[in-house]
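Encoded as structure tokens, the structure appears first; notes follow it.
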Amino acid sequence: VWEYAPAPESRAIANLKANYQMFVDGNFVDGEGEPLKTVNPGTEEVLAEVSTAAPSDVDKAVKAARRAYDKVWGRMPGAERAKYLFRIARIMQERGRELAVLETLDNGKPIKESRDVDIPTAAAHFFHHAGWADKLGYAGYGPDPKPLGVAGQVIPWNFPLLMLAWKIAPALACGNTVVLKPAETTPLSALVFAEICQQAGLPAGVVNILPGAGDVGSELVNHGGIDKVAFTGSTDVGKLIQRSLAGTGKKLTLELGGKAANVVFDDAPLDQAVEGIVNGIFFNQGHVCCAGSRLLVQESIAEELMAKLRARVSTLRLGDPMDKNTDIGAINSKPQLDRIRELVASGDADGAERWTSPCPVPDKGFYFAPTVFSGVQQAMRIAREEIFGPVLSVLTFRTPAEAVAKANNTPYGLSAGIWTEKGSRILWMAEQLRAGVVWANTFNRFDPTAPFGGFGESGFGREGGRAGLEAYLDV
Ligand code: NAD
């Protein structure tokens, strides 16, 4: 067990610098864009100033990635690429403590989550894909699948390093080179990852990191030198990208929002289900695309389950993300906090019954206490829109068929959960639910061997597993 000292020592553990530069063609350089300041959402203090990219920098990075693809990486045997990926994975583990502290400072997530979930899962993703690099002929896509070329990748702020790993590891394993844009509120771990690429001796231009806001993302995905676009973020921006790429011949995968149903039947082990419900919606402050944000509970057990749930949620500790006892950290930014407040106000106005955890909330920093709405109707905004915060909407059902109908009554289709002792019901439900991932008697489990992705407005394409390779291969 690691001991974490509070700030300012945490800045030293994170090896935090005052200024960060972009990473282009193997070098750290200043971009032509307006520098941005990244803020610790737990304290509202400025962490560092970060150089950002202008259109000319996007062009330089894409050209560097193309050269690296043509001259080095696209020609390198898979077994050689694997060595670099294994090296990157090992350095991520070695620098795990530094990365975990940095991620928590920049994002606001509890240190125990960065330490036990984000960083180890990101490293695992590189280990897994290192193993594929020399075995692509066995992936089921034919004897000698080819890479696509240069990938332009744009990621959100909720799992900064993990989303980077989901994008970069498969791209590199398959022989592509990348230009990645991290989210504007969480660029730091991506820039430390760039240092790790240097440390691993990765050839220049194979990975390029361009911090900046949405305009840089737009410039990147629309650049003529990009062969493939991979985007994770909001459904609105995903649709915008899909429209702007129409007719260009670029390959596209989208990982967008969700409004997952977590369905609890009357025969479920209730204490276990309560843990799964809590994990489903309060993990990472609910900033999770596959969060179990709609609880569907069978009417006969609703009262008992709600009492247990409130008692359990009352014990969650909210506060300093750097405290290793913290369960609920900070909301990533002020705009996100405002969006959560706005949707919660709509739940009140629509007549849902709101319960808020009695936990103390710090005055400084962006925090939102765990909130549970009951008496929610399907037409309410809190039942339809992604809140992306620690807010649960509870609906009831009587029959399995009604549960399926309600669970599927959403334009999204990323994930779902089922709680029941009946194996036959699990299999039937999994078949009926229109969701890319269905968890049974657990929630929010991730593994690099399992494909992840959605249906409908949750996007298309898969990340992880054998299916995830297809996004980066010409099969
Ligand atoms: P967002 O769409 O606003 O931003 C995501 C990224 O896109 C950022 O890097 C942003 O700078 C960039 N961007 C913004 N406008 C752009 C444009 N016009 N062209 C190109 N890039 C642009 O989303 P967000 O609020 O930062 O992230 C939260 C969203 O991401 C949620 O909806 C969540 O469900 C989704 N998400 C999905 C998954 C998944 O795997 N399906 C994973 C994590 C997050």
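The values are calculated or read from the model by the stated rules, or taken from the named source; none is laboratory data. Since we're looking at a predicted model, the values are computed, not measured. Cβ coordinates were reconstructed from backbone atoms using ideal geometry, including for glycine residues, and neighbour counts include every protein chain displayed. Heads up: the accessible areas ignore ligands, DNA and RNA and are worked out on the full protein's heavy atoms, side chains in. Shrake-Rupley method; radii C 1.70, N 1.55, O 1.52, S 1.80 Å.
Do we find that Val206 is at pLDDT 95 or above, within 16 Å of the ligand (Cβ to nearest atom) and of a type in the set (Val, Ile, Thr) in this structure? Before you say what the answer is, go through the steps one by one.
Values: at pLDDT 95 or above: yes; within 16 Å of the ligand (Cβ to nearest atom): no; of a type in the set (Val, Ile, Thr): yes.
Judged against the criteria, Val206 is not a match.
The listed residues are Pro451, Pro370, Pro390, and the only one of them that is within 30 Å of Ala139 (Cα to Cα) and in contact (Cβ under 8 Å) with a residue 12 or more places away in the chain turns out to be Pro451.
Mind listing whichever residues of region 444-464 are within 16 Å of the ligand (Cβ to nearest atom), in a loop (DSSP other than H, G, I, E, B) and polar (S, T, N, Q)? Of everything in region 444-464, just one residue is within 16 Å of the ligand (Cβ to nearest atom), in a loop (DSSP other than H, G, I, E, B) and polar (S, T, N, Q), namely Asn444.
Select the helices (runs of 4 or more DSSP H) contained entirely in region 332-417, then report the ones holding at least 1 residues which are of a type in the set (A, V, I, L, M) and open to solvent by 50 Å² or more (accessible area, probe 1.4 Å).
Numbers: elements: 334-349, 381-384, 400-407.
Correct list: 334-349, 400-407.
I'd like to know if region 36-53 contains one or more residues that are of a type outside the set (Lys, Arg), over 28 Å from Leu337 (Cα atoms) and in contact with a helix residue (DSSP H, G or I) (Cβ under 6 Å, 6 or more places away or on another chain). Scanning region 36-53 turns up no residue that is of a type outside the set (Lys, Arg), over 28 Å from Leu337 (Cα atoms) and in contact with a helix residue (DSSP H, G or I) (Cβ under 6 Å, 6 or more places away or on another chain).
Applying the criterion of being outside any helix (DSSP H, G or I) and hydroxyl-bearing (Ser, Thr, Tyr) to the residues of region 291-331, the residue that is farthest from the ligand (Cβ to nearest atom) is Thr315.
One line per residue, one yes/no per condition, for (1) more than 7 Å from the ligand (Cβ to nearest atom); (2) hydroxyl-bearing (Ser, Thr, Tyr); (3) in contact with a Pro (Cβ under 7 Å, 6 or more places away or on another chain); (4) without any contact (Cβ under 8 Å) to a residue 60 or more places away in the chain:
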site: Leu245; (1), (2), (3), (4): yes, no, no, yes
site: Gly257; (1), (2), (3), (4): no, no, no, no
site: Val263; (1), (2), (3), (4): yes, no, no, no
site: Ala268; (1), (2), (3), (4): yes, no, no, no
site: Gln272; (1), (2), (3), (4): yes, no, no, no
site: Val278; (1), (2), (3), (4): yes, no, no, yes
site: Cys289; (1), (2), (3), (4): no, no, no, no
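With respect to Ala151, is the statement that it is small (Gly, Ala, Ser), more than 10 Å from the ligand (Cβ to nearest atom), farther than 24 Å from Asn15 by Cβ and in contact (Cβ under 8 Å) with a residue 40 or more places away in the chain true? Answer is yes for this residue.
So which of Leu148, Leu172, Leu164 is modelled with pLDDT of 95 or more and within 16 Å of the chain's Cα centre (by Cα)? Step through it out loud before you land on a result.
Details: Leu148 fails: within 16 Å of the chain's Cα centre (by Cα); Leu172 fails: within 16 Å of the chain's Cα centre (by Cα).
Of Leu148, Leu172, Leu164, the one residue that is modelled with pLDDT of 95 or more and within 16 Å of the chain's Cα centre (by Cα) is Leu164.
Within the option set Pro120, Pro156, being open to solvent by 10 Å² or more (accessible area, probe 1.4 Å) and within 16 Å of the ligand (Cβ to nearest atom) holds for one residue only, Pro156. If you check Asp236 against the conditions, is it more than 15 Å from the ligand (Cβ to nearest atom), open to solvent by 10 Å² or more (accessible area, probe 1.4 Å) and either of a type outside the set (Lys, Arg) or more than 23 Å from the chain's Cα centre (by Cα) (or both)? Taking the combined requirement at face value, the residue does not satisfy it. Of the listed requirements (1) β-branched (Val, Ile, Thr); (2) closer than 30 Å to Ile281 by Cβ; (3) open to solvent by 10 Å² or more (accessible area, probe 1.4 Å), Thr186 misses just one: (3).
Return yes when Val39 is among the β-branched types (Val, Ile, Thr), free of Cβ contacts under 8 Å to residues at least 60 places away in the same chain and either closer than 22 Å to Leu164 by Cα or touching a Phe, Trp or Tyr at 6+ places or on another chain (Cβ under 7 Å) (or both) and no when it is not.
Numbers: among the β-branched types (Val, Ile, Thr): yes; free of Cβ contacts under 8 Å to residues at least 60 places away in the same chain: no; either closer than 22 Å to Leu164 by Cα or touching a Phe, Trp or Tyr at 6+ places or on another chain (Cβ under 7 Å) (or both): yes.
No.
Residue-wise test of (1) over 22 Å from Ala405 (Cα atoms); (2) assigned to a loop (DSSP other than H, G, I, E, B); (3) in contact (Cβ under 8 Å) with a residue 40 or more places away in the chain; (4) open to solvent by 20 Å² or more (accessible area, probe 1.4 Å).
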position: Met429; (1), (2), (3), (4): no, no, yes, no
position: Ala435; (1), (2), (3), (4): no, yes, yes, no
position: Val438; (1), (2), (3), (4): no, no, no, yes
position: Thr442; (1), (2), (3), (4): no, yes, yes, yes
position: Gly468; (1), (2), (3), (4): yes, no, yes, no
